[in-house]
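The structure appears right after this line, and notes come after that.
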Amino acid sequence: MKRVVAGVLSAAILAFGTQTMAAEDKALPDFKWSFDGIFGQFDRPALQRGFQVYREVCSACHSLRLIAFRDLADLGYDVEQIKAFAAEATVVDGPDDEGEMFEREGRPSDRIPSPFPNAKAAAAANGGSTPPDLSLMAKARPHGPSYIRALLSDGYEDAPAGFEILEGQSYNAYFPGNRIAMAPPLGDDAVEYQDGTEASVDRMAADVAHFLMWTAEPKLEQRKQTGIKVVLFLLVLTGILYAIKRKVWADLH
Amino acid sequence: MTDTASPTHGDEGETRRDFLYLLAGGMGAVGTVAAVWPLIDSMNPAADVLALASTEVDLDPIELGQRVTVTWRGNPIFIDRRTKAVIDGARAVPLEDLPDPETDDARVQQAEWLIMIGVCTHLGCIPKGQKSGDPLGEYGGWFCPCHGSHYDTAGRIRKGPAPKNLVVPPYSFVEDTKIQIG
Amino acid sequence: MSDFQTTNPVIKWIEYRLPVFSFLDHAVGTKYPTAKNLSYWWNFGSLAGLALVIMIVTGIFLAMQYTAHVDYAFDSVERIMRDVNYGWMLRYIHMNGGSFFFIVVYIHIFRGLYYGSYKAPRELLWMIGVVILLVMMATAFMGYVLPWGQMSFWGAKVITNLFSAIPLIGEDIVIWLWGGFSVDNPTLNRFFSLHYLLPFVLVGMVVIHIWALHQFGSNNPLGIETKGPQDSIPFHPYYTVKDLFGMGVFMIAFTAVVFFMPNAMGEAINYQEADPLVTPAHIVPEWYFLPYYAILRSVTFDIWFLSAKLIGVILMFASILILLVLPWLDRSPVRSSKFRPVHKQLFWIFVADCILLGWVGANPAEPPYLYIGQAGTAYYFAHFLIILPLLSVLERPRPLPNSISEPVLKGGGTAMGATAKPMEKA
């Protein structure tokens with residue numbers, strides 16, 4: 001009897017685990033990331049490269065509205081570099097004493113400005129599709145970082161025979177429904193990495209996916225490091241509680 | 001564990017149990033404090049609030065004799081670019097005439113630039129005097145309409161219920177014509 | 001007049017004016033005799049209490065930072081995750097705390113089902129527990145809407161729309177629930193208000209639950225009443241220390257998930273802000289609602305004047321409400337499945353059926369899942385309405401031991417004097 005139940009249970013658990021994957025046509029590659037696992041950390045050079053890819057390529061269409069320039073300190077930039085990043089941006093502020101909105105240089109406390117004033121404007125400029133905000137993309141899709149990397153690197157293929165692709169669309173093996181409004185955004189050497197790394201499509205895709213995992217979960221390192229301490233502490237405390245429980249109950253048996 | 005000179009077997013057990021109780025109690029206390037701290041700290045200013053805790057102000061567009069108000073940490077900051085005559089007037093006031101004695105020199109970093117938090121030290125109203133046409137009070141500085149406190153051209157209390165001079169915020173000149181408040 | 005003994009003058013002073021210490025002593029202390037053979041399955045009541053406290057405490061602090069407005073709700077949660085000191089920790093504890101609350105409550109309920117804890121004289125204790133479950137579910141549902149992600153919004157829309165199945169007044173009720181013509185700002189505001197209120201209602205009901213529990217004390221794995229002092233031990237220190245140990249184990253599992261895989265039990269799409277114009281491909285509730293969701297969707301046919309939708313809604317609510325009458329469906333005089341060989345097997349099949357329904361609920365409502373769901377739903381109700389009443393008559397239970405200490409003695413082989421010893425303290 002118990003074996004039957006165990007069989008049903010494990011079959012059910014197996015089915016639970018796999019059913020979310022079924023949506024994609026091509027199985028996602030199982031990329032390894034430095035932030036995986038309980039000791040996982042971000043790779044600072046990869047984050048900075050990924051930010052560069054975002055700034056020089058993605059930011060033309062995609063916003064990153066939850067990130068402020070000051071947050072970039074996490075990537076290993078110093079105050080002056082962050083001020084310089086902010087100063088490149090133009091921010092709308094106001095109203096001033098005359099009641100007019102005005103433009104000014106960005107400050108570290110500002111959020112990264114979006115390329116379009118609102119979603120409608122973004123859709124109008126992009127053939128009807130709104131380029132989604134990328135701040136949380138790595139958490140808003142199952143297996144987010146691997147999905148982003150795969151989609152950007154080897155997801156773009158020729159559509160299979162008979163698969164209709166409309167004007168302004170591309171075929172992408174990993175995109176749900178396979179019809180993606182974003183043309184392949186990366187080509188070899190689309191950016192010139194400041195650290196001299198060769199900018200292959202796969203490298204850039206991996207770096208920007210890494211960067212987007214940081215934008216989605218900036219407290220990841222703090223979380224895991226705290227977690228190790230908390231769990232170790234609880235293991236010891238629970239061990240002591242177990243010893244006390246044994247002692248207290250010993251005189252019953 | 002405690003195979004030292006315990007007289008009886010029972011006592012040995014008691015000692016060990018007491019030690020475990022102390023250990024568990026101690027760890028429980030430490031754990032509770034560690035768990036409560038995030039709750040308390042979550043009520044402290046968050047990172048986005050702290051990022052606005054200091055403001056840079058460009059003084060360049062302010063003309064001689066002009067008063068400008070900026071916002072810092074939710075309060076108005078009065079910036080007054082004072083003329084030579086005003087500075088001389090403020091410095092001529094004898095200290096014994098002041099309810100809260102303070103020299104003009106002690107209230108400014110550069111005599112031309114008087115920078116103060118624009119909150120009346122009585123009950124927190126915003127004194128008048130920043131806009132042209134505002135009442136300036138009897139001493140040509142600022143006048144608080146709530147309970148009639150008069151401040152002079154150095155922002156010092158001269159008459160009325162306010163106990164202290166207008167507060168000078170922490171600030172520094174990052175450039176000749178740029179200050180950072182906070 | 002108090003039977004509480006102490007030498008501490010401060011405690012004495014307070015006790016004389018407010019007998020809180022003797023009250024606690026009777027509630028969870030040395031004056032509360034408890035069956036001596038409770039297994040670790042009896043830990044889950046105190047764990048549910050711990051979960052409730054964790055949820056209320058983190059929730060109060062999260063509410064200080066949250067903004068209940070459709071334009072700001074999503075961003076205010078992300079501000080908590082990014083800018084508020086330890087905000088990410090509080091949010092992940094609260095988010096996963098909901099799941100863990102349901103895990104321990106479900107185990108608590110299934111323990112009651114297995115050991116017949118719902119039987120006389122504990123029917124009312126059980127029924128209060130069922131109401132607690134219902135309030136918990138309402139609280140969880142409304143809490144899930146607050147972050148205003150895609151699944152928050154569409155979950156709210158689908159579930160509130162269920163009430164439109166009510167004949168004649170359904171549409172009006174839905175508009176009343178929404179405070180408008182769609183799930184919108186008024187809906188979010190009232191959900192926040194109720195999500196904050198209901199946990200305190202839960203606290204009150206838990207107090208009544210425990211009050212009822214103290215009338216006859218806990219059931220036990222043998223399902224026979226304590227027959228004398230040799231069958232019971234004082235709650236303190238035996239079960240206080242056992243509960244504390246259980247809480248330690250619970251916290252290890254809980255914190256491991258919170259810190260190492262906080263999003264494993266959530267839907268990724270809820271990290272995308274609610275968009276009333278774009279429905280996600282699959283709308284699925286949180287895992288703890290999946291079995292009910294499967295029952296809801298399993299009805300695809302009208303019966304007479306009842307629409308399929310209405311029957312689905314009725315069945316979904318009935319799947320929980322049926323627990324209220326369980327004490328009168330299962331008439332077997334024997335409580336514990338230890339002595340009910342057939343019930344024991346059927347219990348595990350019922351557990352498997354609930355898991356199966358959960359799996360169906362996570363999948364689209366189309367063949368073959370639909371048929372599996374229909375079979376699972378049929379079996380779910382058959383278990384209560386047909387199998388248990390029949391079993392009460394047909395099953396021949398094994399003989400019950402005379403007392404709790406009898407099998408304990410048989411197993412341990414200790415003398416009578418040893419088992420009586422702790423009672424000297426009580």
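Bear in mind these aren't lab numbers, they're just calculated from the coordinates by the rules spelled out. Predicted model, so just to flag it, every value in this text is computed and none were measured. Cβ sites come from the backbone with ideal geometry, for glycine too, and all protein chains shown count toward neighbours.
Numerical summary
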item: Dipole of region C:105-202 [Lys/Arg +1, Asp/Glu -1 at C-beta], most positive-end residue of C:Tyr196, C:Asn185, C:Trp148; result: C:Tyr196
item: Rg and Dmax of region C:19-174, Cα atoms only, in Å; result: 19.9, 57
item: Under 5 Å, built H, 5+ apart or other chain: amide partners of A:Ala68; result: A:Ile112
item: Sum of -39500 (n - 2.57) over DSSP H runs of 4+, divided by residues of chain C (222 nm, nearest 500); result: -20500 deg cm²/dmol
item: Region B:39-123: GluC sites (Glu not before Pro) falling in loop per DSSP and having at most 10 other Cβ within 10 Å; result: B:Glu63
item: From phi via Karplus (6.51, -1.76, 1.60), per-residue ³J(HN,Hα) for region C:308-316 in Hz, x at Gly/Pro; result: 4, 4, 5, 4, x, 5, 4, 5, 4
item: Centroid-to-centroid separation of region C:184-219 and region B:129-164 [C-alpha atoms, Å]; result: 56
item: For B:Cys125, A:Cys58, order by how many other beta-carbon atoms lie within 10 Å, fewest first; result: B:Cys125, A:Cys58
item: Global size of region A:63-213 as Cα Rg and Dmax, reported in angstrom; result: 18.2, 62
item: Relative pair counts by distance (%), Cα atoms of the protein assembly as shown, 20 Å bins; result: 11, 34, 32, 18, 4, 0
item: Over 20 Å (Cα to Cα) - which of C:Lys36/C:Lys338; A:Lys245/C:Lys227; A:Lys26/A:Lys219; C:Lys119/C:Lys338; A:Lys139/C:Lys157; B:Lys128/B:Lys159 fall in this group; result: A:Lys245/C:Lys227; A:Lys26/A:Lys219; A:Lys139/C:Lys157
item: Karplus (6.51, -1.76, 1.60) ³J(HN,Hα), θ = phi - 60°, over region C:327-343, in Hz, Gly and Pro reported as x; result: x, 9, 8, 9, 9, 4, x, 8, 7, 6, 5, 4, 10, 10, x, 6, 4
item: For region A:138-208, fraction of C-alpha pairs farther apart than 21 Å, in %; result: 32
item: Net +/- balance of residues flanking B:Val68 in space, Cβ distance below 12 Å, scoring K and R +1, D and E -1; result: -3
item: Shape of chain C, Cα gyration tensor, a/c cut at 1.5; result: oblate
item: Trypsin sites (Lys or Arg not before Pro) restricted to DSSP loop in region A:21-108 with at most 11 other C-beta within 10 Å; result: A:Lys32
item: Percent RCO, i.e. relative contact order, over chain C, from Cα pairs under 8 Å lying at least 6 residues apart; result: 22
item: Sorted by Cβ neighbour density within 10 Å, fewest at the top, the residues C:Glu366, C:Glu406; result: C:Glu366, C:Glu406
item: Estimated [θ] at 222 nm from DSSP helical runs (n ≥ 4, -39500 (n - 2.57)) normalised by residues in chain B, nearest 500; result: -8500 deg cm²/dmol
item: Spatial separation of Cα centroids for region C:47-118 and region A:60-133, in angstrom; result: 33
item: Relative contact order %, chain B, counting alpha carbon pairs below 8 Å whose residues are six or more apart; result: 18
item: Sites excluded, trypsin sites (Lys or Arg not before Pro) in DSSP loops with at most 13 other C-beta within 10 Å, longest stretch of chain C; result: C:1-226
item: Kirkwood estimate for region B:73-182, i.e. one over the average of 1/r between Cα atoms, Å; result: 14.0
item: Cα centre as origin, Lys/Arg/Asp/Glu Cβ charges: chain B dipole, Debye; result: 760
item: Surface/4 estimate of mean projected area, convex hull on alpha-carbon atoms of chain A, nm²; result: 23.5
item: Region C:261-363, dipole about Cα centre (Lys/Arg Cβ +1, Asp/Glu Cβ -1), debye to the nearest 20; result: 760
item: Cβ-based net charge around C:Val145, under 11 Å, with every Lys or Arg adding one and every Asp or Glu removing one; result: +2
item: Which of B:Asp48, C:Asp3 has the fewest Cβ neighbours within 10 Å, and the rest in rising order; result: C:Asp3, B:Asp48
item: Radius 13 Å from Cβ of C:Ala365, net charge of other residues (Lys, Arg +1; Asp, Glu -1); result: +1
item: B:Trp72 long-range amide H proximity, modeled H, under 5 Å; result: B:Ile77
item: Helix A:2-19 axis, angle to chain A major axis (alpha carbon atoms, nearest 10°); result: 10
item: Point-charge dipole on Cβ atoms (K/R +1, D/E -1) for chain C, about Cα centre, debye to 20; result: 1640
item: Averaged over C:346-359, number of beta-carbon atoms from partner chains that fall within 10 Å; result: 3
item: Cβ-based charge dipole, chain B, positive-most Cα from B:Ile179, B:Pro135, B:Ala24; result: B:Pro135
item: Placed amide H near C:Gly149: partners under 5 Å, 5+ positions off or other chain; result: C:Ala274
item: Isolated Cys residues of the protein assembly as shown, judged by Cβ distance under 4.7 Å to other cysteines; result: A:Cys58, A:Cys61, C:Cys354
